[in-house]
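Every number here is computed from the coordinates shown, using simple stated rules; none is lab data. In this text the structure is predicted, and so the values were computed from the model without any measurement. Heads up, the Cβs are rebuilt from the backbone with ideal geometry, glycines too, and the neighbour counts pull from every protein chain shown.
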Amino acid sequence: MTTIGLISDTHGRLPEEAFAAMADVDHIIHAGDIGGPDILRTLEALAPTTAVLGNNDFDEYGDRVRRFAHPVIDGVRFLVAHYPRDVKIGFNGSAALSAGDPIPQVCVHGHTHVPEILTGPEARPALYVVCPGAPFRPRGGFPKCTGRMVVENGRVLSVRIESLDGQTLMEVGA
């Protein structure tokens, strides 16, 4: 079993509560607008971190951070991009996928600063589309938040969005 911390839109600020929310995870996914290499180094000190560039990021992270990422974590295929439109997969595919790429089970995006967990027809052909919200300048009336996912042997066991004070805002599959 692997616990994945989901975070996005830190914009160079990692509140202590967001750091604490990531402290016990096995892997971290940052969906862009990192805001500087220091944030990435701090997260990488906690757990292996997959990150993508956001519209406020510059190519200051080297080859390891690009526009899209396709990690496979505990057998679960992910697509990570900053923009929601880049993780939506239509009949013509997606800018984030090449011909022949396997369909991701989980798509993670940022940019909106609004948390969401989509499943079913809204997420298809993926099983889940997740935005962890933002620990900095949240929008849509939501509090500052991060996400957490538990996966095992190619299956998603649960997806949760939590406020930085630990309140569960959304949850699927608990």
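Report the Cα centroid-to-centroid distance between the range 54-114 and the range 139-157 in angstrom, as an integer.
The range 54-114 and the range 139-157 have Cα centres spaced 16 Å from each other.
Using only alpha carbon pairs under 8 Å that are at least six residues apart, calculate the relative contact order of the chain and give it in whole percent.
About 22 percent, as a whole number.
How much of the DSSP bridge set in the chain is antiparallel, in percent, rounded to the nearest 5?
65
In the Gaussian network model of the chain, springs joining C-alpha atoms below 10 Å, which of 19, 68, 78 carries the largest mean-square fluctuation?
Per the Cα network of the chain with a 10 Å cutoff, 19 tops the list.
For the range 13-79, rounded, prolate or oblate, judged on the Cα gyration tensor with a ≥ b ≥ c (square roots of eigenvalues), a/c < 1.5 rounded, else prolate if a/b > b/c?
Oblate.
Rounded to the nearest 500, what is the 222 nm mean residue ellipticity of the chain from helices alone, with -39500 (n - 2.57) per DSSP H run of 4+ residues and division by all residues?
-3000 deg cm²/dmol
For residue 67 and residue 26 in one chain, what is 0.36 nm times their gap in residues minus the Cα-Cα distance, to one decimal in nm?
12.5 nm
Cut-off 10 angstrom, C-alpha nodes, Gaussian network model of the chain. Which of 137, 13, 41 fluctuates the most?
Greatest mean-square fluctuation among the candidates belongs to 41.
FRET efficiency for residue 101 and residue 152, Cβ-Cβ distance as r, R0 = 25 Å, nearest 0.05?
0.60
Sorted from largest to smallest, which semi-axis lengths in Å does the alpha carbon gyration tensor of the range 2-172 give for its equivalent ellipsoid, taking the root of 5 times each eigenvalue?
The three semi-axes for the range 2-172 are 22, 18, 15 Å.
Modelled label-to-label distance, residue 60 and residue 137, 7 Å Cα→beta-carbon offset: nm?
1.6
Under a plain spin-label model, where a point goes 7 Å from the Cα along Cα-to-Cβ, how far apart in nm are residue 38 and residue 124?
Result for the modelled spin labels: 4.7 nm.
Running a GNM on the chain with Cα contacts under 10 Å, which residue among 39, 29, 161 ends up with the highest mean-square fluctuation?
39
Grab the alpha carbons of the range 60-131, take their convex hull, and tell me the volume per residue in Å³.
Per residue, the Cα convex hull of the range 60-131 comes to 104 Å³.
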